[in-house]
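Worksheet: one structure, shown below.
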Amino acid sequence: MKPERCENTGVPYLDHAATTPMRPEVWEAMAPFAHELFGNASGAHRYARQAKNAYEEARERAAAVLGCGAREIVFTSGGTEADNLAIKGRALREGRGGIVISQVEHEAVIEAAEFCERLGSPVYAVAVDPQGRVDPTQVSAHVNDDTAVVSVMAANNETGVIQPVREIVDAVAGRAPVHTDAVQAFNSTDVNVEALGVDMLSLSAHKFGGPKGVGLLYVRDGLSLEAVIHGGGQELGRRSGTSNVMGAVGMVVAMELAAADRTGFQRRVGEARDRFVQGLAGVATPTIEKVDVLASHAHLRFPGVRNESLLIRLDRDGLAVSVGSACASGAATVSHVLTAMGVAPEAARESLRFSFGWTNQAEDGDEAARVVLAALDR
Ligand code: PLP
């Protein structure tokens, strides 16, 4: 049985937005770094040089995929750290500089901004429309001389809604650096820093077939950041810590494979997603209908059905999906993303996120829809 199918029922995995299985080519590229190429890239001997060469080659290849220079890549421990470095690094460097984000950002951005707010940074979170889209003019209206960073995600992790990042960059017009969290967008949209026009961009390898615990922050040449993690001064002083050579090597292979397959991904994965949504037409309604959504995401409401009980039933049948709301200390809280969109709490509690990915074929959409229909029948 393939790992991306349930070992008991053979049902395909549909929680790729949470994480993806590693692509075989990625593991193949990484394996030598667990054994013969184990050196610390910061040393001064042959073991170190081998590691350093591989690490710097990974940096160059990552830069080539993103359309930037190698020096502009800071490897991190993942998307969370990249987001934290972008927000805190800018706000601290500018001495309590202002932060403009959207209300639907990932917690890594929101919590980092709130931390800076406690240290004195003014923070403004721009509202979204009922489809979850940020209005570039609203972002621009809140930028002033004290703004240290603007951060709006390329696509939302819960709904898959694609944000108008280029338009936001144009509206801000160089008055403040713009960061985008492209963690979810990388699989199916053209993530090129010049085309997007952004000054900083976060990625996380495990969302596109790479290993967990590695990511990167693109930082435009000349943009100054305060380090958040201090120590040995790696990553040109922007992020200390022994270089994760194995992780970076795996990440860049996953980046290259994902970037080369974007058209195929959109077709294959988009078809699986569409067939899934069509298969559930009578029982579920899409949360987003009027704006562009990633090919991978389907956020559906099942009227009259509690999402948590459906999730448990689906898990029993081997179908892994996610609830849009998280359960904190026993109290069911509704997702901040849906709340910002004006979705009523009752509707939010009837909604689930299904996310397709590189392991899925078009037929998986039909199969998964049958599993959901059978679970609803019981
Ligand atoms: N940003 C977005 C949009 C995400 O979906 C995630 C992961 O869920 C992250 C950031 C955090 O990435 P990581 O898991 O690498 O810390």
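The values are calculated or read from the model by the stated rules, or taken from the named source; none is laboratory data. Just so you know, these numbers come straight off a predicted model, no measurement behind them. Cβ coordinates were reconstructed from backbone atoms using ideal geometry, including for glycine residues, and neighbour counts include every protein chain displayed. These area figures cover heavy atoms from the full protein model, side chains too; ligands, DNA and RNA do not enter into them. Shrake-Rupley method; radii C 1.70, N 1.55, O 1.52, S 1.80 Å.
Listed values, structure above:
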read-out	value
Dipole magnitude of the chain about its Cα centre (Cβ charges: Lys, Arg +1; Asp, Glu -1), debye to nearest 20	500 debye
Placed amide H near THR147: partners under 5 Å, 5+ positions off or other chain	GLY98
Kirkwood Rh and Cα Rg combined as Rg over Rh, evaluated for the range 261-377	0.96
Isotropic mean projected area of the C-alpha convex hull, the range 107-255 (nm²)	9.5 nm²
Rotationally averaged projected area of the range 138-213 (alpha carbon convex hull; nm²)	5.5 nm²
Angstrom value of the Kirkwood radius, inverse mean 1/r, which spans all Cα pairs in the range 21-163	17.7 Å
Nearest-10 value in Å² for the accessible area of THR137, using the 1.4 Å probe	90 Å²
Apportionment of accessible area to carbon and sulfur, the chain, percent (1.4 Å)	50 percent
Kirkwood Rh in Å, taken over the range 88-184 so that all alpha-carbon pairs contribute	13.1 Å
Mean Cα-pair separation over length for the range 247-378, i.e. relative contact order, pairs under 8 Å, 6 or more apart, %	35 percent
Solvent accessible area, Å² - ASP221, 1.4 Å probe, full protein context	110 Å²
Loop-resident sites, the range 1-48, for chymotrypsin sites (Phe, Trp or Tyr not before Pro), counting at most 15 other Cβ within 10 Å (DSSP)	PHE38
Residue order for HIS179, HIS142 - accessible surface, 1.4 angstrom probe, largest first	HIS142, HIS179
Projected label distance in nm at ASP292 and ARG370, using a 7 Å step from Cα toward the beta-carbon	3.5 nm
Net charge of neighbours whose Cβ lies under 10 Å from the Cβ of GLY79, counting Lys and Arg as +1 and Asp and Glu as -1	-2
Modelled FRET efficiency - R0 45 Å, GLU363 with THR137, Cβ distances, 0.05 increments	0.55
Loop trypsin sites (Lys or Arg not before Pro), the range 263-361, which have at most 12 other Cβ atoms in a 10 Å radius of their Cβ (DSSP)	LYS290
Cα-based convex hull volume of the range 226-329 per residue, rounded to whole Å³	225 Å³
Under the Debye formula (equal points on every Cα, no solvent term), log10 I(q)/I(0) of the chain at q = 0.07, 0.10 Å⁻¹	-0.31, -0.64
Rough spin-label spacing in nm, given labels placed 7 Å along Cα→Cβ, for GLU56 and THR285	5.9 nm
Per-selection Rg to Rh, the range 72-134 - Cα, Kirkwood hydrodynamic radius	1.01
